[in-house]
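The values are calculated or read from the model by the stated rules, or taken from the named source; none is laboratory data. A quick note: this is a predicted structure, and the numbers were derived from the prediction, not measured. Note: ideal-geometry Cβ built from the backbone for every residue, glycine included; neighbour counts use all protein chains shown. Calculation scope for accessible area: heavy atoms of the full protein, side chains included, ligands and nucleic acids excluded. Shrake-Rupley method; radii C 1.70, N 1.55, O 1.52, S 1.80 Å.
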Amino acid sequence: MPAVDKERAVTEKTESRNEVSLEADAEKTQSEHMDGYPSAAEISAALADKKGLVYWLAPDPAVPNVCSTLNAETANTEKLWDAIHDRVFENANLTVQEMPEEYPYRCYQFNWNDQSWDLTIGSISIELRSDASLDEDTQESILDILTEWTGMGISFKTGEINHYAFTYNDLVLDEYGYSLGGDEWIPDSIISLGDNRISICNPVVIQSDCETIGTETLLTMDSARAICEAYYRAAASGVPSVSIITDVELVYYFADDQLLPAWRLTGQQYMTPNGHELSMLLDAVSGEIIRHA
């Protein structure tokens with residue numbers, strides 16, 4: 001399975017595991033002292049009445065005084081791999097794996113440090129898999145190269161799978177993909193770690209600062225809330241839902257060769273008795289809805 005498809009499969013598996021019973025999910029959140037979180041009975045009643053309800057329970061986010069828009073581009077994965085090979089896997093001889101002509105990935109095998117390795121390189125992704133556990137020095141060396149190559153920091157996160165997200169001036173680059181409409185898709189920007197693998201997807205290279213923005217001029221929380229509520233209530237005309245926003249964070253997203261500021265709204269959504277994670281992305285300047293999953 002191609003690297004990006006594997007990443008998508010892992011994400012979908014994670015989301016399916018995040019589906020929990022309505023009662024258990026509501027009770028868990030209420031036990032964490034989230035004032036105003038609706039009870040299982042209230043959510044069930046709203047769904048039965050075919051109502052679209054939005055609960056805004058997110059505190060105002062802490063943000064810096066200014067942020068920048070940045071010129072950026074998707075990394076050239078062949079050149080990125082050359083840098084990793086020269087500094088981490090020096091003298092390793094790669095054997096090309098024969099693949100169908102239309103296959104969009106290049107596959108290699110090599111031996112290094114008494115381990116056998118499989119390498120898959122796509123236009124936006126690199127995946128390394130070993131027949132034994134990766135040592136910490138190898139992981140750290142690859143992460144160091146990524147920070148130098150992209151001009152971005154890397155922030156460790158722990159969830160269903162361990163992964164790193166890219167950062168710039170302490171703001172995270174939104175790690176989840178989104179649709180541009182039709183078949184166009186901006187893929188995840190993420191580094192996923194396993195016991196014997198490392199996957200790098202859609203690393204973005206900073207080119208230069210573009211514009212400095214005072215964060216006091218960004219879309220207000222009242223406006224973000226109004227956009228969110230209008231969208232989910234309208235969407236509920238087709239399928240009733242209860243959407244609960246529990247957190248708002250200022251992040252970057254990648255579009256049109258730039259990193260742009262966005263408000264990321266997260267929480268839970270119920271269309272059935274099983275809730276799932278919600279993640280809406282709003283352009284923090286224009287208020288455009290970038291993602292509404």
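Only the Cβ atoms of Lys and Arg (+1) and of Asp and Glu (-1) were treated as charged; on that basis the dipole of the chain about its Cα centre amounts to roughly 800 debye. For the chain, what % of the accessible area comes from carbon and sulfur atoms, probe 1.4 Å? Result for the chain: 46 percent of the exposed heavy-atom area is carbon or sulfur.
Among the trypsin sites (Lys or Arg not before Pro) in segment 38-134, those located in a DSSP loop and surrounded by at most 14 other Cβ atoms within 10 Å of their own Cβ are Lys50, Lys51. The length gained on full extension between Ala235 and Ala41, counted as 0.36 nm times the residue separation minus their Cα-Cα distance, comes to 67.6 nm.
Sorting 171-180, 209-218 by their mean Cβ neighbour count within 10 Å, with the most densely packed peptide first, gives 171-180, 209-218. Using alpha carbons only, how many angstrom separate the centre of segment 202-246 from the centre of segment 55-101? After rounding, the separation between the Cα centres reads 24 Å. In the chain, Rg over Rh equals 1.01, where Rg is the alpha-carbon radius of gyration and Rh the Kirkwood radius from pairwise Cα distances.
Stretching the chain fully between Arg225 and Asp257 yields a gain of 8.7 nm (0.36 nm per residue, less the alpha carbon separation). As a calculated quantity, the FRET efficiency between Ile145 and Ala293 at R0 = 30 Å, using C-beta atoms, amounts to about 0.45. For segment 196-275, what log10 I(q)/I(0) values come out of the Debye formula at q = 0.23 1/Å, with one point per alpha carbon and no solvent? For segment 196-275, the Cα-only Debye profile gives -1.11. For Ala83, neighbours were defined as the other residues whose beta-carbon sits under 13 Å from its Cβ, and their charges (Lys and Arg +1, Asp and Glu -1) total -4.
Tell me the per residue accessible area of the chain using a 1.4 Å probe; a whole number in Å² is fine. Intermediate results must be reported in sequence, preceding the final value.
On the way: 14610 Å² over 293 residues.
Result: 50 Å² per residue.
What angle do you read, to the nearest 10 degrees and between 0 and 90, between the alpha-carbon axis of helix 221-235 and the longest principal axis of the chain? Orientation of helix 221-235: about 90 degrees from the principal axis. Take Trp149: with every protein chain present and a 1.4 Å probe, its accessible area is about 90 Å².
Is there a quick way to get the dipole size of segment 211-250? I mean about its Cα centre, with the Cβ of Lys and Arg at +1 and of Asp and Glu at -1; what is the value in debye to the nearest 20?
Details: 2 positive and 6 negative charges, 59 e Å.
So the magnitude is around 280 debye.
In the chain, taking the dipole from charged Cβ atoms about the Cα centre, the farthest positive-side position among Ala40, Ile289, Val88 is held by Ala40. Remark: segment 120-254 carries a charge dipole of roughly 520 debye about the Cα centre, counting +1 on each Lys and Arg Cβ and -1 on each Asp and Glu Cβ.
On full extension of the chain, what length is gained from Ala132 through Lys79, given 0.36 nm per residue of separation minus the C-alpha to C-alpha distance? Write out the running numbers ahead of the final one.
On the way: separation 53, 0.36 × 53 = 19.08 nm, distance 2.59 nm.
Taking Ala132 through Lys79 to full extension adds about 16.5 nm, to one decimal.
Taking the alpha carbon gyration tensor of segment 122-248, multiplying each eigenvalue by 5 and rooting it gives semi-axes of 33, 20, 15 Å, largest first.
Let me check against my output: what whole-number percent is the relative contact order of the chain, with C-alpha pairs under 8 Å and at least 6 apart? Don't jump to the answer; show the numbers that get you there.
Numbers: 555 pairs, mean separation 72.8, N = 293.
Contact order relative to length: 25 percent.
Extending 7 Å from the Cα toward the beta-carbon at both Ser279 and Tyr103 defines two label points whose distance is 2.9 nm.
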